[in-house]
Amino acid sequence: MIRRLFYISLGAFAAVWVMRRLRALQPDHLANRAVGRMTGLLAGVREFADEALEAAAKRESELRAEYGLDTFDGNITTNHYVKDGR
């Protein structure tokens, strides 16, 4: 009697486990998981891009300050007849 009860409970457990695994393989569940993973990946890429742009802006401001490119004296002398190298 105990042996039958054990095998019945083992069969019920296996059936529930198999049904959950099969349900997880349905297309809508796969799509939801893929969307969730892509959303996380996209957030990581956006965070990296924000950090890279911030670091580039900081370095550009450091270089401009170092080479004095931020100063403007008001004198613009350009010769319109000389090509600018483009």
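Contact annotation: no residue pair with Cβ atoms under 7 Å, 6 or more positions apart or on different chains, pairs a residue in the range 9-22 that is closer than 19 Å to Arg33 by Cα with a partner that is in a helix (DSSP H, G or I) and of a type in the set (Val, Ile, Thr).
Here Thr39, Thr77 are screened, and the one residue that is of a type in the set (S, T, N, Q) and modelled with pLDDT of 85 or more is Thr39. Could you list, in sequence order, the residues of the range 24-39 that are surrounded by 10 or more Cβ atoms within 10 Å (Cβ to Cβ) and of a type outside the set (Val, Ile, Thr)? Ala24, Gln26, His29, Leu30, Ala31, Asn32, Arg33, Ala34, Gly36, Arg37, Met38, listed by residue number.
The values are calculated or read from the model by the stated rules, or taken from the named source; none is laboratory data. Since the model is a prediction, treat every value here as computed from it, not as a measurement. In this analysis, Cβ positions are derived from the backbone assuming ideal geometry, glycine residues included, and neighbour counts consider all displayed protein chains.
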